[in-house]
Amino acid sequence: MDLRRPPRASSGGVEPKIRQVGFFTPDASAPSEPLPAAAAPAPSAQLGTAAASDDFSPGRRSPVMIPPPRHADLLAPGPASPDAILATSAPVRPSPRLDAASELGDDDSWSRAPSAVELEENKRGLAEIRNDGAPAPIPQKQKTSKAERRAIQEAQRAAKAAAKEADKSGKSAGAASVAGPAISKQAKPAKTAQKKDMAQAASTVASEKKATERLPERERKLDAPHPRMQFDDVHKVEKAKKRAVVNRSEARNRVELFRHLPQYVHGTQLPDLESKFFQLEPMHPSVYKVGLQYLSGDVSGGNGRCIAILLSFREAIKDYTTPPNKTLSRDLTAKISSYVSFLIECRPLSISMGNAIRFLKNRIAKLSHTLSESEAKASLQSDIDRFINEKIVLADKAIVSHAITKVRDNDVLLTYGSSSVVEMILDYAHELGRKFRVIVVDSRPKLEGQGLLRRLVAKGINCTYTHINAISYIMHEVTRVFLGASSILSNGTVYSRVGTASVAMVAHAFGVPVLVCCEAYKFHERVQLDSICANELGDPDVILKVPGNAEGHLKNWADNANLQLLNLTYDATPPDYVSMIITDYGMLPATSVPVIVREYRKEQLWI
């Protein structure tokens, strides 16, 4: 018998009740065989079941046991007859630590309830068994590293050496007894020195751990772009004015929500910069020319501006000579940084231009010291040419080859503004003989779509021109939307000309797929959720110029302190409204942008 199973003596030998339920046992033709002597019930059990012996015969209803209360304390007080106890109570399981063998051998234990003395003894026995069986808590040693253990061993060795030297300092046996207290006093400083050494070793190990932990963080900080200038900080703005080459005056009616962005009076920088042409000695003429083109707006578009700045740097590197007592890599990097600061004053850099500048600085830093000056300059010029050819020219061709599979006959394609890569897709589809119609959506104040419309119509492509305020009326005719992008951020947000987000949202509402065409060198690890924290503010006076109206409606708007004009350049399109992104590495969803940013950043292909 299992010793863990309790005997029935703990409940006072009380047997369960038996009641009849409404289902029957199957009849048996043969009479039931008598039980053997070994399996015969105990006398106490026969007393409780004698009255119900006929219920177990075949054809009768099956008995069901009803359990009585679990504890003997719940029984009725006062003396009770054995028959009543056997008929109204059920056995309760005792403790497994009791001597079950002796209890099973005692027949009287089935017919009497345990006394209070026995219950107290059982509780004491259980408590002693639990206390004896509980394992003693084992003190755990703190885990130490290999360097910490080595430092502790060295400290112990130093303490032992100091103790030995103290022992050898005694010269005579008589002086040794006198020197006993002195040695004990010297042992205490040795122990304190040991503790100090251990503390110093632990501190050095902790500093080494911190240094090893901070190394990747430092590398990330070096790779991360510099924080943008916050123009709502008065002290930083004053310092920037002292270093500035272009004189800019702040706008009087500044928009409070965009005070962190530069807001200057437009139209005065270009004449001032032209007058300083012969005064800017450290500035290379090609860089100066590109800055003037940025101010006048002659060079626009992400790819156009990036190619212009790289070609100007190429000319500057070609004419560069290393000053005496200086290295080429450091001095040329400082030159490039000064050129970049000048171009930022003319117009803020786009994200693609920032990636190209980082690529160039990375190549300068990786130049071998064994190369001569002419060889290093030739290597940098070839790197710039390779970047323009592979990351812009060939990338656009790869995007066209991927996107042409999405253009079919009788399609109605919608585009917004003027994107160079989208124009290449439409031209190539027309050359292949595809029959389609193009809807050019435009918006003020730049009206870039008008130039795209003229070029497409000149090539014989069927086009429709409308403004962005009528896009919901024409979207039901569209089968696909092709959009360009200034950049694509790490969370899949499309950073493009203002109005792109509205076009994508309307197309998503009508169930029209939105395809964004963007080169991989425009991808960036930045995450942006809105168009407020980072943007570019255009000239607010341009908004007042309405075609066909000679007189401006708000000619002297700057005199009104309660009126502010806002001309945003970019907006952020959430990735939920983008169906597919077409890059030079293939077609992918917006959720796969971080993969390209991470993998190609490791290989230093475009950053």
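The values are calculated or read from the model by the stated rules, or taken from the named source; none is laboratory data. Worth saying up front: this structure is predicted, and the values here are computed from it rather than measured. Cβ sites come from the backbone with ideal geometry, for glycine too, and all protein chains shown count toward neighbours. For accessibility, only protein heavy atoms count, side chains too; no ligands or nucleic acids. Shrake-Rupley method; radii C 1.70, N 1.55, O 1.52, S 1.80 Å.
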Given the structure, is Arg437 open to solvent by 10 Å² or more (accessible area, probe 1.4 Å), under 30 Å from Val595 (Cβ atoms) and touching a residue at least 12 places away in the same chain (Cβ under 8 Å)? no
Scan the range 574-592 residue by residue and report those that are of a type in the set (Ser, Thr, Tyr), touching a helix residue (DSSP H, G or I) at 6+ places or on another chain (Cβ under 7 Å) and outside any helix (DSSP H, G or I). Thr583, Tyr585
How many residues are over 21 Å from Ser496 (Cα atoms) and part of a helix (DSSP H, G or I) when one looks only at the range 297-331? 13
Could you list, in sequence order, the residues of the range 366-393 that are assigned to a loop (DSSP other than H, G, I, E, B), open to solvent by 30 Å² or more (accessible area, probe 1.4 Å) and not β-branched (Val, Ile, Thr)? Lys366, Ser368, His369, Leu371, Ser372
Could you say whether any residue in the range 566-573 is open to solvent by 40 Å² or more (accessible area, probe 1.4 Å), modelled with pLDDT of 85 or more and more than 33 Å from the chain's Cα centre (by Cα)? yes
Of the residues in the range 359-391 that are of a type outside the set (Asp, Glu) and under 20 Å from Asp584 (Cα atoms), the one that is nearest to the chain's Cα centre (by Cα) is Phe359
Report the residue count in the range 494-534 for those that are open to solvent by less than 50 Å² (accessible area, probe 1.4 Å), at pLDDT 90 or above and more than 20 Å from Gly586 (Cβ to Cβ). 10
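For (1) in contact (Cβ under 8 Å) with a residue 12 or more places away in the chain; (2) touching a Cys at 6+ places or on another chain (Cβ under 7 Å); (3) within 30 Å of Leu261 (Cβ to Cβ), each residue gets a yes or a no:
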position	(1), (2), (3)
Gly304	yes, no, yes
Ser312	yes, no, yes
Pro323	no, no, no
Leu328	yes, no, no
Val340	yes, no, yes
Ser350	yes, no, yes
Ser372	no, no, no
Ser379	yes, no, no
Glu390	no, no, no
Find the residue count for the range 343-356, including only residues that are part of a helix (DSSP H, G or I) and touching a helix residue (DSSP H, G or I) at 6+ places or on another chain (Cβ under 6 Å). 6
Just to be sure I understand, how many residues within the range 270-314 are more than 24 Å from Thr569 (Cα to Cα) and either buried (at least 16 other Cβ atoms within 10 Å of the Cβ) or modelled with pLDDT of 85 or more (or both)? 8
